[in-house]
There are 2 protein chains.
Amino acid sequence: MKLADITCTEFIDVLASKAAVPGGGGAAALAGAVGTALGSMVCNLTIGKKKYAQYEDIVKSILLKAGEIQKELLKMIDEDAENFLPLSKAYGMKKDTEEQKKLKEETLEKALKQACEVPVSIVKKTYEAIKLHEELVDKCSKLAISDVGVGVQCLRSAIIGAQLNVIININSIKDKEYVEKVKKETEHLVEEGIEVSDEVYDKVLKSLSK
Amino acid sequence: MKLADITCTEFIDVLASKAAVPGGGGAAALAGAVGTALGSMVCNLTIGKKKYAQYEDIVKSILLKAGEIQKELLKMIDEDAENFLPLSKAYGMKKDTEEQKKLKEETLEKALKQACEVPVSIVKKTYEAIKLHEELVDKCSKLAISDVGVGVQCLRSAIIGAQLNVIININSIKDKEYVEKVKKETEHLVEEGIEVSDEVYDKVLKSLSK
């Protein structure tokens, strides 16, 4: 049974438990999917409205891209769980002899890299979704503007949450080259993602205070 | 069928659609439940560990409180939907005659207040959950510290998301006394909630950079 296919209540219950998965990575992917879906909802509430006809094509293309990202983030809930299990097992390996110690270290290093993969992808996908909200905030129905704000806040928490999962893994990885590569891939996206999220949220607040 | 009892994928799909519910309020409640559940997970991963035995009682009491909040936030996904439907209907009422106009105005005012209720409760509950994370961050297993960060970020997005839903409703409410009451109930919680979330997140980052 896939995590994306259990009920919201069941997902929250198993998340709260001490079960190895889902953890912070899966939670970030879900929060990202929620944020992306709110963007899509706003697109759907804008499309067909005369007042926003000039933006119709752009909004339709945002909706299309958001739909893709939403699907990928939902898939990542389960991919993150699958990629975390080997690490969870590796932590339990014996290290009584020198040989066992060496084997455990090698297995851990490999498992840590594997556990890093999906959080890195979540950072990339939520960044894309944040950029879609940046485009959407000026072109959407003002009746739904608050939902752009909620959406971008969910995405902000998702990109930060994914990055925390990247950090906790690379902290234990010995391959410095790999660590630098991952940092280079993610850090600027997270920084810019937070910045853009805050800008979009400020626009929403201003629009609501008029 | 309750929204909390459909699968995560179905919830995200209906959220993305133009259906009247769920909207930003339900999304905020779910994000809050995810954040609260991560706090519980960290409690569960801390309880029973010798290294943190001195905090065992406090962590157990945090877990108990988080469990209650989690249940209430999940209930609020559906309560928010139920409370939003009358407003959605009221917007569609005719206003051709003076009589219809007056009836629509009265119905809208009542429906707006009803639609405000659950977002106000989400603000209160997510604030409580943020305070639990504040307590937890210094007393939990360091192996799970990143998840306190993800949890508090989800809660930060939830409290802001709920407040955006409060604002968009009170913007149309004419009863100034009611509006002031709601502002007084929520604004300081949101402000402090964001502040505490950022502090907890900074502590997590510092702990991870050691």
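Summary table
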item: Any hit, the range B:125-134, residues being within 24 Å of B:A19 (Cα to Cα) and either at pLDDT below 95 or open to solvent by 10 Å² or more (accessible area, probe 1.4 Å) (or both); result: no
item: Tally of residues being within 13 Å of chain A (Cβ to nearest Cβ), within 16 Å of B:I145 (Cβ to Cβ) and open to solvent by 70 Å² or more (accessible area, probe 1.4 Å) across the range B:35-92; result: 1
item: Those residues of the range A:152-188 which are basic (K, R) and surrounded by fewer than 24 Cβ atoms within 10 Å (Cβ to Cβ), in sequence order; result: A:K174, A:K176, A:K181, A:K183, A:K184
item: Residues being aromatic (F, W, Y) and under 19 Å from the mean Cα position of the chain (by Cα) - total across the range A:73-113; result: 1
item: Residue within the range B:189-197 that is within 13 Å of chain A (Cβ to nearest Cβ), assigned to a helix (DSSP H, G or I) and buried (at least 24 other Cβ atoms within 10 Å of the Cβ) present; result: yes
item: Qualifying residue in the range A:154-166 (condition: more than 13 Å from chain B (Cβ to nearest Cβ), touching a helix residue (DSSP H, G or I) at 6+ places or on another chain (Cβ under 7 Å) and touching a residue at least 40 places away in the same chain (Cβ under 8 Å)); result: no
item: Enumeration of residues in the range A:4-34 that are open to solvent by less than 10 Å² (accessible area, probe 1.4 Å), more than 7 Å from chain B (Cβ to nearest Cβ) and in a helix (DSSP H, G or I); result: A:G25, A:G26, A:A29, A:G32
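The values are calculated or read from the model by the stated rules, or taken from the named source; none is laboratory data. For clarity, every value in this text was computed on a predicted model and none was experimentally measured. Positions of Cβ are backbone-derived with ideal geometry, glycine not excepted, and every protein chain shown enters the neighbour counts. Just the protein is used for accessible areas: all its heavy atoms, side chains included, with ligands, DNA and RNA removed. Shrake-Rupley method; radii C 1.70, N 1.55, O 1.52, S 1.80 Å.
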